[in-house]
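Visitor: Mind having a look at this structure? Questions to follow.
The values are calculated or read from the model by the stated rules, or taken from the named source; none is laboratory data. Keep in mind that this is a model prediction, so the values were computed, not measured. Positions of Cβ are generated from backbone atoms using ideal geometry, with glycine treated the same way; all protein chains shown enter the neighbour counts.
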């Protein structure tokens, strides 16, 4: 096992830059398991006319189920035990109001879309459906459905050999499914997202090896494999050389490491995003790490196609309103900063932003001032991607129980993201392990209001 030495810059979750750069299994001709070289080989088989596309997606998962009626659609006419403690505020778009905890987002409502009527939630307490559009159990026997990031990795591949197409920033959570990075599903582990802070980092380290010694080890690998050259009549070893070379290139390149180093950002930019501290109401969920949202912008700017992250722990069975005040204010700061930052850099039309959770919360407030699980309806915030923004889509009934105006299935949101990324969801399929073509989603039309 190898660890690349470098400057130890700390991130908000305690992971250092030194611990980030890890890679394992670089031996040429290795069999079994998945390593960076095998991932590069898989990506090299791709051939797609859109491989140079600059489109990308940032998928911000609000683990635990955000309360729809306390965020984007305050139920002013409902009884207090349902309406809760918040008041609506005006936004930059006349006629659209959102919850009082989101003044910065209200000020840029013309760049946003709020969806108040999300349906199709499975009721599972994890991120899977927000990453794929599917219930986790769908075709589970052959590997399950791939996430947006895995699909982009398969169909488009990397923009740059030193930049993975999909990156997951989700910290490991006490409740594991809340840090779902975006499964590769039936596509196989070669298309899993890269996790700079995630599980398996022990297998991605150049343990105590300097760059000079790394170069010596590369020479040693070449020497060992030289024994096979004479028997290699098909040029297999020559091909593997290029992939192993690319794997070493990721280790010694700086673009990805630089993208993950937010100390390179000007102080005023970091202050605009904030850090999301102190972390409160986290328990077994994700922290409100605003720095991850800044990292997401840096990653798509560097060439990553898909960035996923888990933000906060919204499972508000108790103290719902205190939680929303805390999480909401921090989310308001970070997401508004992200939208404006991308706009100022001329990137907003190329980056689709999704902010949503796995389901909503009960209309009635419980005895602990909390709201319980409510998969009947949920909500979402969307931005960028060239969409027609400045809209509030759908509505629930007076009590916030179910969608009465324009129900929007979760798959429609995923389908819209694919459309924004340049993928024809009506006709695009991927072959599963049985050779059968699988559509990316069942609802193969983007939201008509947005395109």
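Visitor: Of the residues 223, 208, 162, only one is farther than 24 Å from residue 289 by Cα, modelled with pLDDT under 90 and assigned by TED's automatic domain parsing to the domain that holds residue 421; which?
Guide: None of the others qualify; the one that does is 162.
Visitor: Do we have residue 372 as touching a residue at least 40 places away in the same chain (Cβ under 8 Å) and over 22 Å from residue 78 (Cα atoms) here?
Guide: Spelling it out, it is not the case that residue 372 is touching a residue at least 40 places away in the same chain (Cβ under 8 Å) and over 22 Å from residue 78 (Cα atoms).
Visitor: Residues being part of a helix (DSSP H, G or I), surrounded by fewer than 24 Cβ atoms within 10 Å (Cβ to Cβ) and in contact with a strand residue (DSSP E or B) (Cβ under 9 Å, 6 or more places away or on another chain): count how many of those fall in segment 302-335.
Guide: 1
Visitor: Which residue is farthest from residue 323 (Cα to Cα), if the candidates are limited to segment 73-102 and must be in contact with a strand residue (DSSP E or B) (Cβ under 6 Å, 6 or more places away or on another chain) and touching a residue at least 40 places away in the same chain (Cβ under 8 Å)?
Guide: If we take residues in segment 73-102 being in contact with a strand residue (DSSP E or B) (Cβ under 6 Å, 6 or more places away or on another chain) and touching a residue at least 40 places away in the same chain (Cβ under 8 Å), then 96 is farthest from residue 323 (Cα to Cα).
Visitor: Could you go through segment 354-375 and let me know if any residue there is in the same structural domain as residue 398 (by TED's automatic domain parsing), part of a helix (DSSP H, G or I) and either within 29 Å of residue 422 (Cα to Cα) or under 22 Å from the mean Cα position of the chain (by Cα) (or both).
Guide: The answer is no, given that none of the residues of segment 354-375 is in the same structural domain as residue 398 (by TED's automatic domain parsing), part of a helix (DSSP H, G or I) and either within 29 Å of residue 422 (Cα to Cα) or under 22 Å from the mean Cα position of the chain (by Cα) (or both).
Visitor: Could you tell me whether residue 113 is buried (at least 21 other Cβ atoms within 10 Å of the Cβ) and under 22 Å from residue 316 (Cα atoms)?
Guide: no
Per-residue answers, yes or no, for (1) crowded, with 18+ Cβ neighbours inside 10 Å; (2) in contact with a strand residue (DSSP E or B) (Cβ under 9 Å, 6 or more places away or on another chain); (3) closer than 20 Å to residue 304 by Cβ; (4) free of Cβ contacts under 8 Å to residues at least 24 places away in the same chain:
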{"site": "139", "(1), (2), (3), (4)": "no, yes, no, no"}
{"site": "148", "(1), (2), (3), (4)": "yes, yes, yes, no"}
{"site": "155", "(1), (2), (3), (4)": "yes, yes, yes, no"}
{"site": "175", "(1), (2), (3), (4)": "no, no, no, no"}
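Visitor: Can you name the condition, by its number, that residue 135 falls short on among (1) in a loop (DSSP other than H, G, I, E, B); (2) closer than 22 Å to residue 391 by Cα; (3) within 24 Å of the chain's Cα centre (by Cα)?
Guide: (2)
Visitor: Being under 26 Å from residue 395 (Cβ atoms) and within 22 Å of the chain's Cα centre (by Cα) is the requirement here; does residue 115 meet it?
Guide: Yes; evaluated as a whole, the condition is true for this residue.
Visitor: Can you run down the residue pairs with Cβ atoms below 7 Å, 6 or more apart or on separate chains, where the first is in segment 268-282 and in the same structural domain as residue 338 (by TED's automatic domain parsing) and the partner is in a loop (DSSP other than H, G, I, E, B)?
Guide: 275/12; 276/287; 276/288; 276/289; 279/287; 279/288; 281/313; 282/313
Visitor: Within segment 187-199, identify whether any single residue is surrounded by fewer than 18 Cβ atoms within 10 Å (Cβ to Cβ), modelled with pLDDT under 65 and over 15 Å from the mean Cα position of the chain (by Cα), and answer yes or no.
Guide: Yes - at least one qualifying residue is present in segment 187-199.
Visitor: Condition first: assigned by TED's automatic domain parsing to the domain that holds residue 399, under 21 Å from residue 154 (Cβ atoms) and not in a loop (DSSP other than H, G, I, E, B). Can you find one or more residues in segment 113-128 that meet it?
Guide: Within segment 113-128, one or more residues are assigned by TED's automatic domain parsing to the domain that holds residue 399, under 21 Å from residue 154 (Cβ atoms) and not in a loop (DSSP other than H, G, I, E, B).
Visitor: Just checking, which of 399, 430 is under 20 Å from residue 117 (Cβ atoms) and in contact with a helix residue (DSSP H, G or I) (Cβ under 7 Å, 6 or more places away or on another chain)?
Guide: 399
Visitor: A follow-up question, please. If I ask for residues that are in a loop (DSSP other than H, G, I, E, B), closer than 19 Å to residue 142 by Cβ and either touching a residue at least 12 places away in the same chain (Cβ under 8 Å) or in contact with a strand residue (DSSP E or B) (Cβ under 8 Å, 6 or more places away or on another chain) (or both), which ones from segment 429-451 would you list?
Guide: Scanning segment 429-451 gives 432, 433, 434, 440, 441, 442.
Residue-by-condition table, conditions (1) surrounded by fewer than 23 Cβ atoms within 10 Å (Cβ to Cβ); (2) farther than 30 Å from residue 86 by Cα; (3) at pLDDT 95 or above:
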| site | (1), (2), (3) |
| --- | --- |
| 370 | yes, no, yes |
| 376 | yes, no, yes |
| 384 | no, no, yes |
| 388 | yes, no, yes |
| 396 | no, no, yes |
| 415 | no, yes, yes |
| 423 | yes, yes, yes |
| 426 | yes, yes, yes |
| 451 | yes, yes, yes |
